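As structure tokens, the structure follows; a few thoughts come after it.
The values are calculated or read from the model by the stated rules, or taken from the named source; none is laboratory data. Being a predicted model, the structure only gives us computed values, none of them experimental. Ideal geometry is used to build each Cβ from the backbone, glycine not excepted, and the neighbour counts take in all protein chains shown. Heads up: the accessible areas ignore ligands, DNA and RNA and are worked out on the full protein's heavy atoms, side chains in. Shrake-Rupley method; radii C 1.70, N 1.55, O 1.52, S 1.80 Å.
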Amino acid sequence: MVLSVSRSQAEGSKELYVTTHNTSLYLCNDFVGKCNVPAANGDRSQFAIYSCNEVDRLYFVKLHASEVIYLGFSGSNAGNNNHITFEIKNLAGTIVYSESNLPTAGTGFIANIGQARVGPDQIYTTGGYTAIDFHPADTGHYYIEFNKKNTANTVVTGNFNIDLIDVTVYDTVALQVKPGRLYSKSWQFQENGGCSAKTYAYSNDSIITSCAFNNLGGGVWVQYCNQYGCANTGNFAADRKSLYHLQALLPEFRIFVNLPDATLFPPATVLGAIVAPMPWGDRNCLTGHVLFHVFVNKPGKVTIALAFGGGYAGITLTITNAVVGENTFDWNGLDGLGVV
């Protein structure tokens, strides 16, 4: 019997860097100024930086003891006489892979996108790159952190890039690569000629939504996904609106570069829906109010759009925290302009 593995199952730049469209990771270790120079550029996040917030971490997952993690990188823009470092921590914040310089040659260095697409030579023999062989003692979630330092090993504040990255999880017993293990809640990208990547958001109720970029010329941007919008004030109709000349950063859901591993992140089998009995409203002739009744099968948000004739303005009502079963909303009888 001959066992083989399919090629091109690396995870990272292979999915982000499509054809001639080059997308790298943009990193900023400036926790105060946010690399906002010039100010017109806007604030940058501290994605994948040492001691960054939980929502900015770059995670991967080891599920079985037989799994090994193969790592490869290529970095740039550290500046003269500076270098990029990295380390790996577990969920407790304990360093499990000590700080090391990002490879610039040899083991762990990816010379070009072709090598990144093939993956580790430890799996594919030729055409890829010789990966760092990381065997964490325990299963679970881990995260990689990066920083920029000078020759004295002191942090140099500013931005830099991880141009190529591969985090391949490989089961040494099943001889299988396990994609769908690399994720962040708040990726920070930089495109150089357009981005045509496809990513997958995994919501808290296990809904998977894909986002396919079509040669996006976004410069530097952060991709995140949540259930609210650009704010979380409790006013869903207002929070979900886009902003003009303002920034928002409210990550919540995990975002993957492949379909999430179904064993660890199973997709939802039931989607949220309005169920019988169908919605109805009870009128109160004394107050002019109407009490709407809506039944749903999953927690979430419900919007009720009311349209009127006679020149009255329509209005949208929102139940922000709908529960399974019956939900009610008391409408005051006014149209969208406050007219009775």
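Only one of Ala174, Ala197, Ala201 is surrounded by fewer than 19 Cβ atoms within 10 Å (Cβ to Cβ) and either within 18 Å of the chain's Cα centre (by Cα) or among the hydrophobic types (A, V, I, L, M, F, W, C) (or both). Can you tell me which?
So the residue among Ala174, Ala197, Ala201 that is surrounded by fewer than 19 Cβ atoms within 10 Å (Cβ to Cβ) and either within 18 Å of the chain's Cα centre (by Cα) or among the hydrophobic types (A, V, I, L, M, F, W, C) (or both) is Ala174.
Show me the strands (runs of 3 or more DSSP E) entirely contained within region 16-106 in which 2 or more residues are in contact with a strand residue (DSSP E or B) (Cβ under 8 Å, 6 or more places away or on another chain), surrounded by fewer than 18 Cβ atoms within 10 Å (Cβ to Cβ) and at pLDDT 95 or above.
83-90, 95-101
Given the options Asp330, Asp261, Asp335, name the one that is in contact (Cβ under 8 Å) with a residue 40 or more places away in the chain and either under 30 Å from Cys211 (Cβ atoms) or open to solvent by less than 70 Å² (accessible area, probe 1.4 Å) (or both).
None of the others qualify; the one that does is Asp261.
Consider Leu286 carefully, then state whether it is modelled with pLDDT under 95, part of a loop (DSSP other than H, G, I, E, B) and open to solvent by 30 Å² or more (accessible area, probe 1.4 Å).
Considered against the rule, which asks whether it is modelled with pLDDT under 95, part of a loop (DSSP other than H, G, I, E, B) and open to solvent by 30 Å² or more (accessible area, probe 1.4 Å), Leu286 comes out as yes.
Taking into account only those residues within region 274-302 that are free of Cβ contacts under 8 Å to residues at least 60 places away in the same chain and under 31 Å from the mean Cα position of the chain (by Cα), which is nearest to Gly336 (Cα to Cα)?
This residue is Val302.
When you check Thr209 against the structure, is it of a type in the set (Ser, Thr, Tyr) and either touching a strand residue (DSSP E or B) at 6+ places or on another chain (Cβ under 7 Å) or open to solvent by less than 40 Å² (accessible area, probe 1.4 Å) (or both), yes or no?
yes
I need the full set of residues from region 107-126 which are open to solvent by 30 Å² or more (accessible area, probe 1.4 Å) and assigned to a strand (DSSP E or B), in order please.
Within region 107-126, Phe109 is the sole residue that qualifies.
For residues in region 303-323 being aliphatic (A, V, I, L, M) and exposed (fewer than 12 other Cβ atoms within 10 Å of the Cβ), which is farthest from the chain's Cα centre (by Cα)?
Ala307
Considering only residues that are under 18 Å from Lys185 (Cβ atoms) and either open to solvent by less than 60 Å² (accessible area, probe 1.4 Å) or of a type in the set (Ser, Thr, Tyr) (or both), which ones fall in region 221-238?
Trp221, Val222, Gln223, Tyr224, Cys225, Asn226, Tyr228, Gly229, Cys230, Ala231 - these are the residues of region 221-238 that are under 18 Å from Lys185 (Cβ atoms) and either open to solvent by less than 60 Å² (accessible area, probe 1.4 Å) or of a type in the set (Ser, Thr, Tyr) (or both).
Which of the residues spanning region 303-327 are farther than 26 Å from Ser206 by Cβ, of a type in the set (S, T, N, Q) and without any contact (Cβ under 8 Å) to a residue 24 or more places away in the chain?
Those that are farther than 26 Å from Ser206 by Cβ, of a type in the set (S, T, N, Q) and without any contact (Cβ under 8 Å) to a residue 24 or more places away in the chain: none in region 303-327.
Which one of the conditions (1) open to solvent by 20 Å² or more (accessible area, probe 1.4 Å); (2) within 18 Å of the chain's Cα centre (by Cα); (3) not acidic (Asp, Glu) does Arg181 fail to meet, given that it meets all the rest?
It fails just one condition, (1).
Can you confirm whether region 326-336 contains a residue that is part of a strand (DSSP E or B), in contact with a Cys (Cβ under 8 Å, 6 or more places away or on another chain) and at pLDDT 95 or above?
The answer is no; no qualifying residue exists.
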